[in-house]
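Chemist: The following block contains the structure, expressed as structure tokens.
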Amino acid sequence: MPYVIEVENLEHSFGKKPVLRGVSFKIRRGESYVVIGGSGSGKSVLMKCILRLIKPRAGTVKINGQDVSSLSQKAMYSTLLKCGVLYQGGALFDSLNVIDNVSFGLVYGCGMSKKTAYKTAMKNLEAVDLGPEIARVFPAELSGGMKKRVALARAIATNPDIIFFDEPTTGLDPITTGVIDNLIVRCTKEMGISALSITHDVASMKRISDTVGLIHDGKMIWEGSNRDLTTTDDPYVRQFIDGSPIGPFIRS
Amino acid sequence: MFLVSVGRGVILFLSSIGKLSCFLAESIVVGLMPRYHWKQIGQQAVQIGYFSLPVVGMTALFTGMAMTLQCYTGFSKITAESAIPSVVMIAMTRELGPVLTALMVAGRLGASMTAEIGTMKVTEQIDALTTLSVNSYKYLVFPRILAGTIFLPFLVLIDDIIGILGGYLVGVHYLHFNAANYIHNTISSMSTWDVTSGLIKGAVFGFIVCVMGCYHGYLSNRGAEGVGRATTNSVVSSSIMILLLDCILTFVLF
């Protein structure tokens, strides 16, 4: 099966306002696909529609060849076990400490014993360069970068085929951003995990992407490889990468 | 224009009832299926049954004391002071115990449930539960509803005892009733149904407080402001529901 994610003509709206207007793209196994676009362009909604957290109005989403809209709740949970998600703010459970957060999916999702889950969770914390001293700390006591790392450890804990990154570097300083980017690259290249990242951080996008899709006004208006980014003369891509205040984004 | 706004209001009301029914059905159906989150159920039981004790106890004590004084004011005019112990007992077990306990729990726990679940909603923690293959209704909602329905009657029972004790303290030590007579009058006029009907009310109110607390938490959006609004709505709606259902249940259990 060449594609892990296939999205076709995805449409969604909030009330009368269309958010996604016929978005289509495919992600190959082991590929790191980055969706870029301005704030409010529909990137996060796209990710939630793929994960069936939001039911789209039209279109199909296939994960590992299975149409997610036709899956039962039980089958969807099995599919989700093969998907890790790193949320924008980390979405760590406030009432649980780090080790319980990382082992949560293993205990409650996979039904693993707590002892085994803790061992796996410790390995995952190590994989994101966090030591055992952090295991009993609560999320409120962590810095932004550490929260993201713990969230990444939780996302990879269930050994997923695909990881979704929602604005993984938003709100972080450039050095921590670089650390998170390296961890993402390590996940995709060393662990062979496919990734769908959503970001508007151009530097981060250049570091972590194999393929890039530009979404604007609910439509995928450009798609190309990481190399194409530097050579394309598409005015939308150029304006987004250069961060110019003048260009087609402003006009539309 | 008037008809349009009336129609819009009716549709909104019906849609809210539909949403609440779907929420409740999903929570109960999913919650009753194995496997059960015993740890969550236990934590909620402690929150509702144990940590609410001080506030419920104080409310009951002061209400029982005030009730005895007020009864004395009225009953002494018709020389019916001997009826005070039984009136206080009936008022506490049948009416004040369940209603006051439920209102206090709605203010303390209903609000905290809404704020906790609402914050989880706006910070994507509920989405994170789903993507970790955990049903949020089963993990967050069902344990609260179950614990509320089971443990609120226990709180009502304790409230009844403390309320009657408050009445006894004022009656015997302030109004100088004979202690043995006060106790005898209280016990002799007490029937099993007085206590049972109060406990039934308690179970219903516990269910309502937890359902409304969780439901409004799930409806939260738009950050801190949305969570604040949801918390207010939760306390107001569960308080109104408690008083409305109290009236209906009193007719049914009369």
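Chemist: Scan A:Ser70, A:Ser78 and give me the residue that is of a type in the set (Ser, Thr, Tyr) and more than 8 Å from chain B (Cβ to nearest Cβ). Before you say what the answer is, go through the steps one by one.
Modeler: Details: A:Ser78 fails: more than 8 Å from chain B (Cβ to nearest Cβ).
Exactly one of A:Ser70, A:Ser78 is of a type in the set (Ser, Thr, Tyr) and more than 8 Å from chain B (Cβ to nearest Cβ), namely A:Ser70.
Chemist: Could you count how many residues in region A:111-154 are surrounded by fewer than 22 Cβ atoms within 10 Å (Cβ to Cβ) and over 23 Å from the mean Cα position of the chain (by Cα)?
Modeler: Here the count works out to 17.
Chemist: If we scan region A:131-153, do we find a residue that is at pLDDT below 90 and more than 30 Å from A:Val107 (Cα to Cα)?
Modeler: Scanning region A:131-153, I find no residue that is at pLDDT below 90 and more than 30 Å from A:Val107 (Cα to Cα), so the answer is no.
Chemist: State the number of residues belonging to region A:160-186 that are among the charged types (D, E, K, R), part of a loop (DSSP other than H, G, I, E, B) and over 11 Å from A:Lys148 (Cα atoms).
Modeler: Filtering region A:160-186 down to residues among the charged types (D, E, K, R) leaves A:161, A:166-167, A:173, A:181, A:186.
Those left that are additionally part of a loop (DSSP other than H, G, I, E, B): A:161, A:167, A:173.
Imposing the further condition that a residue be over 11 Å from A:Lys148 (Cα atoms) reduces the set to A:161, A:173.
Matching residues across region A:160-186 total 2.
Chemist: Within region B:139-175, work out how many residues are more than 14 Å from chain A (Cβ to nearest Cβ) and of a type in the set (D, E, K, R).
Modeler: 2
Chemist: Go through region A:89-126 residue by residue and tally those that are within 13 Å of chain B (Cβ to nearest Cβ) and not in a loop (DSSP other than H, G, I, E, B). So that I can check it myself, show each step before the final result.
Modeler: Of region A:89-126, the ones within 13 Å of chain B (Cβ to nearest Cβ) are A:89-96, A:100-112, A:114, A:117, A:121.
Imposing the further condition that a residue be not in a loop (DSSP other than H, G, I, E, B) reduces the set to A:100-109, A:114, A:117, A:121.
Going through region A:89-126 one residue at a time, the tally reaches 13.
Chemist: Given the residues A:Tyr108, A:Tyr87, A:Tyr77, which is the only one that is farther than 24 Å from A:Thr176 by Cα and either buried (at least 23 other Cβ atoms within 10 Å of the Cβ) or in contact (Cβ under 8 Å) with a residue 24 or more places away in the chain (or both)?
Modeler: Numbers: A:Tyr108 fails: either buried (at least 23 other Cβ atoms within 10 Å of the Cβ) or in contact (Cβ under 8 Å) with a residue 24 or more places away in the chain (or both); A:Tyr87 fails: farther than 24 Å from A:Thr176 by Cα.
Selected residue: A:Tyr77, the only one of A:Tyr108, A:Tyr87, A:Tyr77 that is farther than 24 Å from A:Thr176 by Cα and either buried (at least 23 other Cβ atoms within 10 Å of the Cβ) or in contact (Cβ under 8 Å) with a residue 24 or more places away in the chain (or both).
Chemist: While we're here: Restricting the search to region A:187-215, which residues are surrounded by 16 or more Cβ atoms within 10 Å (Cβ to Cβ) and either assigned to a loop (DSSP other than H, G, I, E, B) or basic (Lys, Arg) (or both)?
Modeler: Keep residues of region A:187-215 that are surrounded by 16 or more Cβ atoms within 10 Å (Cβ to Cβ), which gives A:187-188, A:193-201, A:204-205, A:207-215.
The answer is A:Ile193, A:His200, A:Asp201, A:Arg207, A:Ser209, A:Asp210.
Chemist: Continuing with this model, one more query. Looking only at residues in region B:28-66 that are hydroxyl-bearing (Ser, Thr, Tyr) and surrounded by fewer than 15 Cβ atoms within 10 Å (Cβ to Cβ), which one is modelled with the lowest pLDDT? Walk me through it before giving the result.
Modeler: In the first step, residues of region B:28-66 are kept if they are hydroxyl-bearing (Ser, Thr, Tyr); the result is B:36, B:50, B:52, B:59, B:63.
Add one more test, that the residue is surrounded by fewer than 15 Cβ atoms within 10 Å (Cβ to Cβ), and what stays is B:36, B:50.
Numbers: B:Tyr36: 85, B:Tyr50: 89.
Selected residue: B:Tyr36.
Chemist: Next question. So, in region B:124-138, exactly how many residues are at the interface with chain A (Cβ under 7 Å from one of its Cβ atoms) and either open to solvent by 10 Å² or more (accessible area, probe 1.4 Å) or of a type in the set (S, T, N, Q) (or both)? Can you show your working first?
Modeler: We begin by selecting, within region B:124-138, every residue at the interface with chain A (Cβ under 7 Å from one of its Cβ atoms); these are B:124-125, B:127-128, B:130-134.
Among the residues that remain, those that are also either open to solvent by 10 Å² or more (accessible area, probe 1.4 Å) or of a type in the set (S, T, N, Q) (or both) are: B:124-125, B:127, B:130-133.
Summing the residues that are at the interface with chain A (Cβ under 7 Å from one of its Cβ atoms) and either open to solvent by 10 Å² or more (accessible area, probe 1.4 Å) or of a type in the set (S, T, N, Q) (or both) in region B:124-138 gives 7.
Chemist: Can you tell which of B:Phe13, B:Phe2 is open to solvent by 30 Å² or more (accessible area, probe 1.4 Å) and farther than 25 Å from B:Phe205 by Cβ? Working first, answer last.
Modeler: Details: B:Phe13 fails: farther than 25 Å from B:Phe205 by Cβ.
After applying the criteria, what remains is B:Phe2.
The values are calculated or read from the model by the stated rules, or taken from the named source; none is laboratory data. Remember, it's a predicted structure, so these values are computed and weren't measured experimentally. Cβ: placed from backbone, ideal geometry, glycine included. Neighbour counts: every protein chain shown. Surface areas here come from the heavy atoms of the whole protein model, side chains and all, with no ligands, DNA or RNA. Shrake-Rupley method; radii C 1.70, N 1.55, O 1.52, S 1.80 Å.
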